[in-house]
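Written below as structure tokens is the structure these notes are about.
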Amino acid sequence: EAAGEAEVRLLLQEARESIEAARSYRRELQQRLRGLHQAREQIKDSATLTRDVLEQHFSDLKGTLKKLLDERLMSLLQEVDVIEQESIKPLDECQKLIEHGVSTADDLLREGEGAVDGDVGQQNEKLCNFTKKALHIQLDSLPEVPSLVDVPCLSAQLDDCLLTILKNQIFKHGTVASRPPVQLEEFVEKPGGILVRWCKVDDDFIAQDYRLQYRKSTASHFEDVYVGSETEFIVLHIDPNVDYQFRVCARGDGRQEWSPWSVPQIGRTTLVPHEWTTGLEGYSLSSRRNIALRNDSQSCGVLYSKAPTYFCGQTLTFRQTVGQPDRRDSLGVCVEQRNGDDSLQRDKAVCISTNGAVFVNGKEMTNQLPAVTSGSTVTFDMEVVQLGPCSNEGGKFKLRVTISSNNREVVFDWVLDQCCGSLYFGCSFSYPGWKVLVF
């Protein structure tokens, strides 16, 4: 009986597992059905949009071509009018001269016939006057009339090759692509930002420039955020835990028009933005508090981050505009805020000076980086390499630090006597004019 109950329990357990497996299987199938539905909707929606774009484009072309043809026809008709008027004008003048001559000849004929047929007593006087008048008119002088070969004969010369050229161009105009040549590839969360990467999916497409756009999911219009030749870009000023839509397109080598947009994808960051702390007299901050400017105040000290927002595994980036350098200047990270210091060149901190010197816990390293230049970036990358009891070096917590500047980098281990899940960042400058953006 006990064996029978155990067998029943086993069967019930197997049945429950089968039921759960069936539920999971059904969920997966339903998810795939939703994926198929989304794919079908994307095809239909993109096909509808493409039809609308093609119809509108060719409708605009027809209107533009008709307008251009009408303008060309009007120009040619005006040219015919000008040639006609300029050519007929001298003929009209000649016609008036001839008609005047015919009228004069008619008058002269009537007078001559009257003189010949008149009374004998007055005949001599009339004949004498008529002869003088005839000599004065110069009856042997006739106006010259141009021959037909010397006057314009207008004609329209229309080359049918235009139709051939237009036909060839029209038949090659426009293409329909089943997928855009570039697609979004990856979103990487950054503090107050998202690193967006994209790639080509058409090997035959040679890209000259890329164009990245984004918008909040609640917004109606996309806006440009990057245009250039790189295939990744950090989009800053992103609100944490808010969905943003991204899309990218490309411009072919030597082309002016942009390719179709990629399929829009949603990215978000859960990391709060890096911010400098407010209230330090020697520094002015931007509205988002991610840019610090060393002002003209004589006060000096270290400007720290508002909170320990830098975590191992992330990349911390400083971009700066330079002022007058000083050997005590510093850019770096630290375990804790400490008032009264004028530099991060101290214990529990790693930093780089503006002359390129690297300091670990206040000690200058042998390796040195290039001096900080205006517009250049300094990056800090850290990863945990040891946790546990004290090592021979006396530390319990070891971080591998990589500092990069001007295409050079130094790598070293930073040993601490305590575990640090997050770190502060900071900067210090002795002279005004320095401006630092952190992201």
Using a Gaussian network model of the chain whose springs link C-alpha atoms within less than 10 Å, name the residue from 230, 55, 99 with the highest mean-square fluctuation. 99
Which residues among region 78-94 fall inside the zone where the amide N is under 16 Å from a point 7 Å beyond the Cα of residue 150, along Cα→Cβ? 87-94
In nanometres, the difference between 0.36 nm per residue of separation and the alpha-carbon distance of residue 77 and residue 253 is 59.1 nm
With a 1.4 Å probe and every protein chain left in place, work out the accessible area per residue of region 1-172 in Å², rounded to a whole number. 90
What does the extension gain come out to for residue 88 and residue 160, with contour length at 0.36 nm per residue minus their alpha carbon separation? 22.8 nm
Mind checking which lysines have their Cα closer than 26 Å to the Cα of residue 348? Skip sequence neighbours fewer than 8 apart in that chain. 190, 306, 363, 396, 398, 435
Stretch residue 131-residue 230 to full length: gain in nm at 0.36 nm per residue minus the Cα-Cα span? 25.4 nm
Could you order 417, 296 by accessible surface area, starting with the largest, using a probe radius of 1.4 Å? 296, 417
Here the FRET efficiency for residue 171 versus residue 15, based on Cβ atoms and R0 = 56 Å and rounded to 0.05, is 0.25
With θ taken as phi - 60° and the coefficients 6.51, -1.76 and 1.60, list the Karplus ³J(HN,Hα) couplings across region 157-168 in order, rounded to whole Hz; mark glycine and proline as x. 9, 10, 8, 5, 5, 4, 5, 5, 4, 4, 4, 5
Using θ = phi - 60° and the Karplus form 6.51 cos²θ - 1.76 cosθ + 1.60, what ³J(HN,Hα) does each residue of region 321-336 get, whole Hz, x for Gly and Pro? 9, 8, x, 6, x, 8, 5, 8, 4, 7, 9, x, 10, 8, 6, 8
For region 186-242, with equal point scatterers placed on the C-alpha atoms only and solvent neglected, what are the log10 I(q)/I(0) values from the Debye formula at q = 0.14, 0.23 1/Å, to two decimals? -0.44, -1.00
Among (i) 166, 86, 36; (ii) 92, 64, 43; (iii) 69, 51, 40, only one was calculated for this model; which label is it, if the read-out is Cα extents along the principal axes in Å? (i)
Obtain the nm distance between the two label points defined at residue 106 and residue 23 by a simple spin-label model: each point lies 7 Å from its Cα along the Cα-to-C-beta direction. 12.0
From Cα pairs below 8 angstrom and at least 6 apart in sequence, can you work out the relative contact order of the chain, rounded to a whole percent? 11
Note down the nm distance, to one decimal, between modelled labels 7 Å out along Cα→Cβ at residue 347 and at residue 99. 12.0
Given a 1.4 Å probe and every protein chain left where it sits, what share in percent of the accessible area of the chain is carbon and sulfur? 52
Which residue fluctuates the most in the chain, going by a Gaussian network model with Cα springs under 10 Å, if the choices are 108, 344, 212? 108
In region 399-439, which residues have a backbone nitrogen under 15 Å from the label point lying 7 Å from residue 324's Cα in the Cα-to-Cβ direction? 429-434
For the chain, set up a Gaussian network in which alpha carbons nearer than 10 Å are linked by springs, and say which option among 38, 56, 13 fluctuates the most. 13
What distance in nm lies between label points placed 7 Å from Cα along the C-beta direction at residue 223 and residue 311? 2.9
What FRET efficiency would be calculated for the residue pair residue 284, residue 261, taking the C-beta separation as r and a Förster radius of 45 Å, to the nearest 0.05? 0.65
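The values are calculated or read from the model by the stated rules, or taken from the named source; none is laboratory data. Bear in mind the structure is a predicted one, so any value in this text is a computation, not a measurement. Reconstructed Cβ throughout: ideal geometry from the backbone, glycine too, with neighbour counts over all protein chains shown. The accessibility values were calculated without ligands, DNA or RNA, using every heavy atom of the protein model including side chains. Shrake-Rupley method; radii C 1.70, N 1.55, O 1.52, S 1.80 Å.
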